[in-house]
Amino acid sequence: MCACVQFDRMEDLAEYHGPISKNQAEEILNEAGRDGSYLIRDSMSCVGSYCVCVLCDGWIYTYRVFKQKDGLWTIEKAPGMKERLFRSARNLIAAFKIPDQGISIPLLYPVNKPQQ
């Protein structure tokens, strides 16, 4: 039996901020101020999916993340890029920390939700 944590839920990740608005996410990332800073929030327009928001050249880019019915994760990416599937939320985030994966900038600096 494996005792390791799979992080199969976004809610298990420190950079997951929950049901914050797009504007709140933008404020948090602009305060972070470094290109490649990112956070994860609930999607407000697509129930059950998430948004990865990343700061790049003063702009916030948002990518919708889905967990499919088969349990695999995928992310919206640039047109023409091949769809990639991941077994866990952590694996998806790790893959997009590498340059040239179909998003505007790699996910470099997680902005963790403050501890309460």
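Out of the residues in region 6-44 that are without any contact (Cβ under 8 Å) to a residue 24 or more places away in the chain and acidic (Asp, Glu), which is least open to solvent (accessible area, probe 1.4 Å)?
Kept after step one, since they are without any contact (Cβ under 8 Å) to a residue 24 or more places away in the chain, are these residues of region 6-44: 11, 20-21, 23-24, 27, 31, 33, 43.
Now narrow it down to the ones that are acidic (Asp, Glu): 11, 27, 31.
Details: Glu11: 75, Glu27: 115, Glu31: 156 Å².
If we take residues in region 6-44 being without any contact (Cβ under 8 Å) to a residue 24 or more places away in the chain and acidic (Asp, Glu), then Glu11 is least open to solvent (accessible area, probe 1.4 Å).
Could you list, in sequence order, all residues of region 46-71 that are on the phi > 0 side of the Ramachandran plot and exposed (fewer than 10 other Cβ atoms within 10 Å of the Cβ)?
Listed by number, the residues that qualify are Gly48, Asp57, Gly58.
Of all residue pairs spaced 6 or more apart or on separate chains, those with beta-carbon atoms under 8 Å, a first member in region 76-97 that is more than 19 Å from Ser37 (Cβ to Cβ) and a second member that is assigned to a helix (DSSP H, G or I) and at pLDDT 90 or above are Arg84/Ala95; Phe86/Leu92; Phe86/Ala95.
Scanning region 50-92 for residues that are small (Gly, Ala, Ser) and either modelled with pLDDT under 90 or in contact with a Phe, Trp or Tyr (Cβ under 9 Å, 6 or more places away or on another chain) (or both) turns up Gly71, Ala78, Gly80, Ser88, Ala89.
As for region 12-19, it holds no residue that is over 21 Å from Gln115 (Cβ atoms) and in a loop (DSSP other than H, G, I, E, B).
The values are calculated or read from the model by the stated rules, or taken from the named source; none is laboratory data. Given the structure is predicted, the values throughout are model-derived calculations rather than measurements. Using ideal geometry, Cβ is built from the backbone for each residue, glycine included, and neighbour counts are taken over all protein chains shown. Surface areas here come from the heavy atoms of the whole protein model, side chains and all, with no ligands, DNA or RNA. Shrake-Rupley method; radii C 1.70, N 1.55, O 1.52, S 1.80 Å.
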